[in-house]
Amino acid sequence: MTKSKAILIGEHVTCDAHEDNREIRIVTHAHYDHILGLRESLRECRVVYATTITKDMLSVLYGKGAEKISALNYEEPVMVGDEVMMLYPASHIPGSAQVLVEDANGSRVLYTSDFRLPGAPVIETDILVIEATYGHPRCIRPPIDEVYDALTKLVSNDVEKHPIHIYGFYGKVQEVMEVLRRRGVHAPFLAEGKMYELTMVCVKHNLKVGDVVNAASREGLEVLKGNGGYVFFKHTSKIGENIKGLKIHLTGWEFNVTHRKISNNMYRVSLSSHSDFNHLIAYVEDSGPKKVIVDNSRDGFGVEFAHEIRKRLNVEAIAMP
């Protein structure tokens, strides 16, 4: 694991950042902190792999350069020298992947990247490289179905009274669209810009969100000017805007409760696309590694989580870099 945030697996593979002299680059998902140095990788690596959904999402976020990425299905083995590489679902955002490399002697190294339990399969491995965004013992959220229930109730109770604006990161927002539709919310859904384009990518890959209207289209403007309620989905970066209606902020940094009222027109909902502390510990225990390397290069609690692994599971664990 390097200071440039590259995760090096086996002799040939780099994940989520560029590293010189590595012939294979894996992009585990389309969030900005996992596409670091992508231009260099596309220029210098023999091949850059991502799942089909991730490739399509990067075409929206990154542009034409994403056409050079090679699509790889989950559990499709790729020989890299005398090593075998394979992707597994991560249940983080659409298209996200874990990366497994097995050498000629059968030794296995797994990089979870960002993942969420329940949802992601737990892969048995000898060396586990794991994220630690919520690696502190205080980072515990209610069961996700309870969070979905609370979110659905907030939306259902208010959407007929006034507009609702939901703020979250790419991928998490599309998940919420599908959850609300599945739970009977039939109000118009709006999105614009890259949020709308990414939603259309997810729809192409069978996300069940019903009709989502481009807010910048004529139809979208009519919805915005009308008297009916609607749900407008936006990126977290816009949370500070002034709007009429109710704001709902989707955040993993709300613990122990499903949601919290922040002001008269704003709620925080405890919804994350990452595992919380208990699920991180569960993954380590169930994957059975001899050694754990905790990703300390991205935001989170790498040092603290490595300490908790050693204390609770008696497994060798270090935070890097």
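The values are calculated or read from the model by the stated rules, or taken from the named source; none is laboratory data. Keep in mind it's a predicted model, so treat the numbers as computed, not measured. Because the Cβ atoms are built from the backbone with ideal geometry, glycine has one as well, and the counts that use them run over all protein chains shown.
Looking at the range 126-134, is at least one residue assigned to a helix (DSSP H, G or I), of a type outside the set (A, V, I, L, M, F, W, C) and within 20 Å of Tyr170 (Cβ to Cβ)? There is no residue in the range 126-134 that is assigned to a helix (DSSP H, G or I), of a type outside the set (A, V, I, L, M, F, W, C) and within 20 Å of Tyr170 (Cβ to Cβ). Going through the range 106-148 one residue at a time, which ones are at positive phi and touching a strand residue (DSSP E or B) at 6+ places or on another chain (Cβ under 7 Å)? The answer is Ser113, and nothing else.
Here is a list: Gly288, Gly302. Which entry is in contact (Cβ under 8 Å) with a residue 60 or more places away in the chain and in contact with a strand residue (DSSP E or B) (Cβ under 6 Å, 6 or more places away or on another chain)? Write out each step before concluding.
Values: Gly288 fails: in contact with a strand residue (DSSP E or B) (Cβ under 6 Å, 6 or more places away or on another chain).
Every option except Gly302 fails the conditions.
Among the listed residues Arg181, Arg141, which satisfies the condition of being in contact with a helix residue (DSSP H, G or I) (Cβ under 8 Å, 6 or more places away or on another chain) and among the charged types (D, E, K, R)? One residue alone meets the criteria, Arg141.
Would you mention how many residues in the range 34-60 are assigned to a helix (DSSP H, G or I) and farther than 12 Å from His18 by Cα? Walk me through how you get there before you give the answer.
Let us first name the residues in the range 34-60 that are assigned to a helix (DSSP H, G or I), namely 34, 38-44, 52-60.
Among the residues that remain, those that are also farther than 12 Å from His18 by Cα are: 52-60.
Of the residues in that region, 9 qualify.
Cβ-Cβ contacts under 9 Å between residues 6 or more apart (or on different chains), taken from a first residue in the range 210-227 that is modelled with pLDDT under 95 to a second residue that is surrounded by 15 or more Cβ atoms within 10 Å (Cβ to Cβ) and assigned to a helix (DSSP H, G or I), are listed as Gly210/Met177; Gly210/Arg181.
Note on the range 55-90: among residues that are at positive phi and without any contact (Cβ under 8 Å) to a residue 60 or more places away in the chain, the one that is surrounded by the fewest Cβ atoms within 10 Å (Cβ to Cβ) is Gly63.
Matching residues to (1) exposed (fewer than 15 other Cβ atoms within 10 Å of the Cβ); (2) charged (D, E, K, R); (3) not in a loop (DSSP other than H, G, I, E, B):
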site: Lys208; (1), (2), (3): yes, yes, no
site: Ala216; (1), (2), (3): yes, no, no
site: Leu221; (1), (2), (3): yes, no, yes
site: Gly228; (1), (2), (3): yes, no, no
site: Lys234; (1), (2), (3): no, yes, yes
site: Ser237; (1), (2), (3): yes, no, yes
site: Gly240; (1), (2), (3): yes, no, no
site: Lys244; (1), (2), (3): yes, yes, no
site: Ile248; (1), (2), (3): no, no, yes
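If only residues of the range 267-302 that are at pLDDT 95 or above and surrounded by fewer than 16 Cβ atoms within 10 Å (Cβ to Cβ) are counted, the one that is farthest from Leu110 (Cα to Cα) is Asn278. When the range 305-321 is filtered for residues that are assigned to a loop (DSSP other than H, G, I, E, B), free of Cβ contacts under 8 Å to residues at least 40 places away in the same chain and either farther than 18 Å from Glu124 by Cα or among the β-branched types (Val, Ile, Thr) (or both), only Val315 remains. Under the condition of being under 16 Å from Ile164 (Cα atoms) and out of contact with any Asp or Glu (no Cβ under 8 Å at 6 or more places or on another chain), the residues counted in the range 196-221 number 2.
Yes or no, residue by residue, for (1) at pLDDT 95 or above; (2) within 19 Å of the chain's Cα centre (by Cα):
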{"residue": "Thr2", "(1), (2)": "no, no"}
{"residue": "Arg25", "(1), (2)": "yes, yes"}
{"residue": "Lys68", "(1), (2)": "no, no"}
{"residue": "Met79", "(1), (2)": "yes, no"}
{"residue": "Glu83", "(1), (2)": "yes, no"}
{"residue": "Pro89", "(1), (2)": "yes, yes"}
{"residue": "Ser96", "(1), (2)": "yes, yes"}
